[in-house]
1. If R0 is 41 Å, what FRET efficiency do you get for residue 134 and residue 5 from their C-beta distance, rounded to 0.05?
2. To two decimal places, what compactness ratio does segment 256-326 give when its Cα radius of gyration is scaled by 2.2 N^0.38 Å?
3. Using Stokes-Einstein with the Kirkwood hydrodynamic radius over Cα pairs, what translational diffusion coefficient do you get for segment 120-298 at 4 °C and a viscosity of 1.567 mPa s, in µm²/s rounded to a whole number?
4. Write down, largest first, the equivalent ellipsoid semi-axes of segment 124-214 in whole Å, where each equals the square root of 5 times an eigenvalue of the alpha-carbon gyration tensor.
5. Summarise the long-distance tail of P(r) for segment 131-174 by giving the % of C-alpha pairs beyond 12 Å.
6. So, R0 is 25 Å and r is the distance between the beta-carbons of residue 256 and residue 162; what FRET efficiency does that work out to, to 0.05?
7. On C-alpha positions alone, give me the angle between the axis of helix 286-295 and the longest principal axis of the chain, in degrees, nearest 10.
8. Can you order the peptides 172-182, 241-251, 77-87 by their average number of other Cβ atoms within 10 Å per residue, highest first?
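Where a number appears in this text, it was derived from the coordinates with a stated rule and is not lab data. Given the structure is predicted, the values throughout are model-derived calculations rather than measurements. All Cβ positions, glycine included, derive from the backbone under ideal geometry; neighbour counts span all protein chains shown.
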């Protein structure tokens, strides 16, 4: 209807609305109503529920163990009733299990995570070795230090060989330099590169509580960032970068397929491939990114060195201990 108001033909409006032909457009023009206003809810099922006979037994299993999922119940049912159920019926069982849970289990209350422009930069390491990228034919196991601004979903990443502190520093500084602006907070999960487990004398009432490493505090202090971590074993609290990890891996897989080869001449060539992908993905986020940049501080300090020099002793046996616990 919006396209027709712009003067387009019924056929053109149908294409814009992703309809097969113009007859659907003509139908709703005659009615003068939107499809949502014409549709009426069904009062009866359109097909017989295939699980009616076995549902009491499945409901009893759920009552005994509410954590059972529909996939497990379906697999159990196909073992008990060989040849009765087909894979395509799983979705029907999933709906029945979902309705059972609504009626028999207390709702789980959650707090919405509402990001504010320019407030937080989330960083996480995601291993990409499973993508099968090679360098001149040799396997290239690697991790991407991935940073995301949750409000706009702007993202950047830097290839590293481990999730060490130096890798975290390299990834954070690369994201800040690329953007040229500073958020208020830098948020991670609880990597050993940034945090350590507190001893009994240092921690509060929570077992497993972690404190910041001195080097990490020096890093965020250098840029004037406030450090923040999530609760231990609560990756959903770092949800934007966690979700971004999955979306990025899917995009990388698709672009590698489009590229036709997973082999790169060098780390630099692979980094260029990643840069093009990030630039392409970020191009769709410019409107909300502009809101973030408007409230972020400019980056005015130089980056810290991307390596560390140490003077160590060589033992009589020719051994060198580097950052080893004493």
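1. Values: r = 54 Å, r/R0 = 1.32.
In this case the efficiency is close to 0.15.
2. Here the answer is 1.95, to two decimals.
3. 75 µm²/s
4. Working: eigenvalues 155, 74, 23 Å².
Each semi-axis is the square root of five times an eigenvalue, giving 28, 19, 11 Å.
5. Values: 599 of 946 pairs.
Above the 12 Å cut-off, segment 131-174 has 63 percent of its Cα pairs.
6. On the way: r = 23 Å, r/R0 = 0.90.
Efficiency at R0 = 25 Å is approximately 0.65.
7. Orientation of helix 286-295: about 50 degrees from the principal axis.
8. 172-182, 241-251, 77-87
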